[in-house]
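The values are calculated or read from the model by the stated rules, or taken from the named source; none is laboratory data. Please read these numbers as outputs of a predicted model, since none were measured by experiment. Heads up, the Cβs are rebuilt from the backbone with ideal geometry, glycines too, and the neighbour counts pull from every protein chain shown. In case anyone asks, the SASA skips ligands and DNA or RNA and just uses the protein heavy atoms, side chains included. Shrake-Rupley method; radii C 1.70, N 1.55, O 1.52, S 1.80 Å.
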Amino acid sequence: DQQVKQNSPSLSVQEGRISILNCDYTNSMFDYFLWYKKYPAEGPTFLISISSIKDKNEDGRFTVFLNKSAKHLSLHIVPSQPGDSAVYFCAASSGRGGSSNTGKLIFGQGTTLQVKP
Amino acid sequence: EAGVVQSPRYKIIEKKQPVAFWCNPISGHNTLYWYRQNLGQGPELLIRYENEEAVDDSQLPKDRFSAERLKGVDSTLKIQPAELGDSAVYLCASSLDSLNTEAFFGQGTRLTVV
């Protein structure tokens, strides 16, 4: 059972335009969400996160939106740059900050973003 | 500051042979994770350590996989004997503690079992 899903395996956008990567989840106990970026032959690198008490978190060109009722989150990159070309993973965890925190990240399958010059 | 260091980067072995991976987490990080990433998939947790204690190993195939984290710092993950289906990238990650889920990953070990 895939608890975190990234239904688009790939996305191609033009440099300077907006990239929107989507992620859906099924477990209503998830309360913390993260995006990781991965270049070939490297490990995933933490990009941005959001707690379930918020619906938006922004860091420079990167913004994550959370829609709890739809169990959906998205990562917006604007403007997109060729260096953003990588695989992006959505991840979720439950009970963060509390005694029930599992510290376990559940990852989606990833979306390969290509930003064309 | 050094990141999470893993070795080897690549390993090719024949099926039924043993193999071991090593991980040195970021200094001061109490929580250490081993993940496995199959081709085209996201990483999946194998085991999580809080200091030297394995607190979540529910996803570790215990018939052939073992792990240890002596002294709560470095960790090794072993497979014996390896099977063809074990071919994957094995990622080690660490975080300050389990309350901080922003885990930092190493570059991974790409295992190919032939």
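Condition check: open to solvent by 20 Å² or more (accessible area, probe 1.4 Å), farther than 22 Å from B:Ala103 by Cβ and assigned to a strand (DSSP E or B). Does A:Ser12 satisfy that? Yes. Annotation: of all residues in the range B:38-87 being over 27 Å from A:Lys37 (Cβ atoms), touching a Lys or Arg at 6+ places or on another chain (Cβ under 6 Å) and at pLDDT below 95, the one that is most open to solvent (accessible area, probe 1.4 Å) is B:Glu52.
For the range B:1-33, which positions are assigned to a strand (DSSP E or B) and within 12 Å of chain A (Cβ to nearest Cβ)? It would help to see each step written out before you state the result.
Looking only at the range B:1-33, we keep the residues that are assigned to a strand (DSSP E or B), and these are B:5-7, B:10-13, B:19-24, B:31-33.
If the condition is that a residue be assigned to a strand (DSSP E or B) and within 12 Å of chain A (Cβ to nearest Cβ), then B:Val5, B:Gln6, B:Tyr10, B:Cys23, B:Thr31, B:Leu32, B:Tyr33 are the ones that fit.
Of the residues A:Ser80, A:Ser28, the single one that is modelled with pLDDT under 95 and more than 11 Å from chain B (Cβ to nearest Cβ) is A:Ser28.
Which members of the range A:42-52 meet the condition of being part of a loop (DSSP other than H, G, I, E, B), facing chain B (nearest Cβ under 7 Å) and surrounded by fewer than 22 Cβ atoms within 10 Å (Cβ to Cβ)?
As a first pass, look at the range A:42-52 and keep what is part of a loop (DSSP other than H, G, I, E, B): A:42-44, A:52.
Right, trim to facing chain B (nearest Cβ under 7 Å) and you get A:42-44.
Matches in the range A:42-52: A:Glu42 only.
When you check B:Ser98 against the structure, is it farther than 14 Å from B:Cys23 by Cβ, open to solvent by less than 30 Å² (accessible area, probe 1.4 Å) and at pLDDT below 95, yes or no? Against the criterion (farther than 14 Å from B:Cys23 by Cβ, open to solvent by less than 30 Å² (accessible area, probe 1.4 Å) and at pLDDT below 95), B:Ser98 qualifies.
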